[in-house]
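Colleague: Dropping the structure in here first, questions after.
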Amino acid sequence: MRDSVIITGGLGFLGSWTVDEAVKRGYKVIVIDSLTYAANPEYLRHHNPIIVQPERKMVWSKVILKNGRVSLLNVVNTHNFRVSKNISKDIEDFLKSDSKVLVIIDSVEDFDLMLEVFRFTPYIIHLAAETHVDKSIVDAWDFVRSEILGFFSTIDAFRRIWKDEGLFVLVSTDEVLGEIMEGEADENAPLKPRNPYAAAKSSQEHFAQSYINTYGTPIIIVRPTNAYGPRQHDEKFVPTIIRNALNNNPIPVYGDGRQRRVWIYAEDVAKGILDVFEKGKKFEIYHIGSEYELENITLVKMILEIMGKPESLISFVEDRPGHDRRYRLSYEKIKSLGWRPETSMEEGLKITIDYYTKVYAGRSLV
């Protein structure tokens, strides 16, 4: 009986949506998150989570959550947060309690912690990662550390404890396949990463396949297309469009704006991840896609039209190095599990615009 699951990176954008979906389906969720710049405990505040950090790893002493910002103070007495002297005891107490979410603030690179936590459940959904391509182009080290070292720590701890039991779901990305200039790529397409972020994610997939082949480790790989929606860090494309439009500032669009992406609402991605977790076959790869393939410039114009803002805000800027022109995934396999994208592009954008309008006014972050 699967009654609990570990979700790494559960304080981030897709991670928090996945936690929400897991709780809706009746799971108790143990989140492991290092609370990087793109993560925030407020994303899960509606679950009233218990938040702990191992005493040996204490780098700050209090989390204050206000208007979407994390502030650090010297006294620990807020938001069910405490320093943990015994993580195993905290997990045991959580699993016996009525609480739905336990958050452990620490890095997945902490192999000893992974060994300690993973023994409580053989079900893992791994989302912990750095995800912003532009940052990987400037300096790839954080991506090597998070994607490669962090993934190795988690998958090897899982293998050592559970061997061929349970299930480890690795959430990858469509970018590992590189440009798809015509048609669409299925799950058997070769990996052809074209930027450091995609290369780091490809490394995860290569390690995963090697563990499947060598040890029979029960792994499933999931590759979503471009997700958007509430909680996404404002460095990403859709929040940048909305923020600049709200402030009547120029909206930067790389190159000629003709790069094509397939877009999908974050909640639909989370549902797809949980459907694969519950019904997918081990050792398989599943794509999560949609029919909303748009040129970047078209997406910008759609958002401006919904917001009632002029297209004169669009500002073309120098393209980033190695910018892929197009991605598109076949997602017939996940349809066989009964999954379909449920949120239309217009509906998803309206929800997202409303969310960021409130966020940038300092009124909401849920």
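Colleague: Using a/c under 1.5 as the rounded threshold, could you call the range 170-215 rounded, prolate or oblate? The axes a ≥ b ≥ c are square roots of the C-alpha gyration tensor eigenvalues, and prolate needs a/b larger than b/c, oblate otherwise.
Modeller: In terms of gyration-tensor shape, oblate.
Colleague: While we're on this one: In debye to the nearest 20, how big a dipole does the chain give about its Cα centre with +1 on each Lys and Arg Cβ and -1 on each Asp and Glu Cβ?
Modeller: With Lys and Arg at +1 and Asp and Glu at -1, about 820 debye.
Colleague: Of 279/335; 163/279; 100/201; 100/271; 24/335, which ones are farther than 23 Å apart at the Cα?
Modeller: Too far apart for the 23 Å limit: 100/201.
Colleague: Against the 2.2 N^0.38 Å scaling, with N counting residues, where does the chain land? I'd like the Cα-based Rg ratio to two decimal places.
Modeller: Here the answer is 0.97, to two decimals.
Colleague: Using helices alone, what [θ] at 222 nm do you get for the chain, with -39,500 (n - 2.57) per DSSP H run of 4 or more residues, divided over all residues and rounded to the nearest 500?
Modeller: -10500 deg cm²/dmol
Colleague: Just report the Cα centroid separation between the range 158-177 and the range 271-347, whole Å.
Modeller: After rounding, the separation between the Cα centres reads 23 Å.
Rule-based calculations on the coordinates, nothing more; no lab input. Since the structure is predicted, the reported quantities are computational estimates derived from the model, not experimental observations. Here Cβ is always computed from backbone atoms with ideal geometry, including for glycine, and neighbour counts include all displayed protein chains.
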